Amino acid sequence: MSERIAPRAAGSKSSTGASTAPATDAGARAPLSERILSALSSAATEHRANAVAGTSKQDRRTAGAANKAPRRARLRLTRIDPWSVMKTSFLLSVAFGVVTFVAVFMVWSVLGAAGVWESINATVASVVEGDSNSSDFDVTNYLGMGRVLGFTLLVSIIDVILLTAIATLTAFLYNMAAALLGGIEVTLAEDER
């Protein structure tokens, strides 16, 4: 049981999609080395033509990107997670409290080193006592470093609690408003680089 395969017609495509070289006579095929050389030379010719025409994939991608406008997407912010808002606002308000505390400490230290408190004491003594300069008044008893930093710490703690609560409440209120009105619409665009 031998099976005969009909010879291919000249210039027909093989199963891989590459065209075969035409046969010299009806039943004979070209030797393997000639077919390889023929395929390589046709591939080299095609590559040179593509290089000259500038149609490589990179050139086409670059040319296509240069001609297109950046893509845009219209999105709607319909929900904000209150838990993430609470965590973020807590962290930011703690950072704000620390910055406030350090700033007050620095200002009070600079004012003390500059002699502002002694100058205030001398001014108050001259106003109250006149020329005798026997006043017991000391401004640091009322506005000392410990009192001011304690008050700053108290204000910072209250600030942390209030800012965290207000931001979380704002997230809940936004979610309710977005359920009714659809939320804030945002248009995003790709970078033009």
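Exactly one residue among 105, 137, 90, 101 is farther than 30 Å from residue 190 by Cβ and not in a helix (DSSP H, G or I), and that residue is 137. Per the listing 97, 146, the residue uniquely under 44 Å from the mean Cα position of the chain (by Cα), farther than 30 Å from residue 77 by Cβ and either surrounded by 12 or more Cβ atoms within 10 Å (Cβ to Cβ) or not aliphatic (A, V, I, L, M) (or both) is 146. Entry remark, region 149-188: residues being more than 16 Å from residue 77 (Cα to Cα) and either of a type in the set (Lys, Arg) or exposed (fewer than 15 other Cβ atoms within 10 Å of the Cβ) (or both) number 13 in total.
Throughout, read-outs are computed from the coordinates displayed, never taken from laboratory work. All values reported here derive from a predicted model rather than from experimental measurement. All Cβ positions, glycine included, derive from the backbone under ideal geometry; neighbour counts span all protein chains shown.
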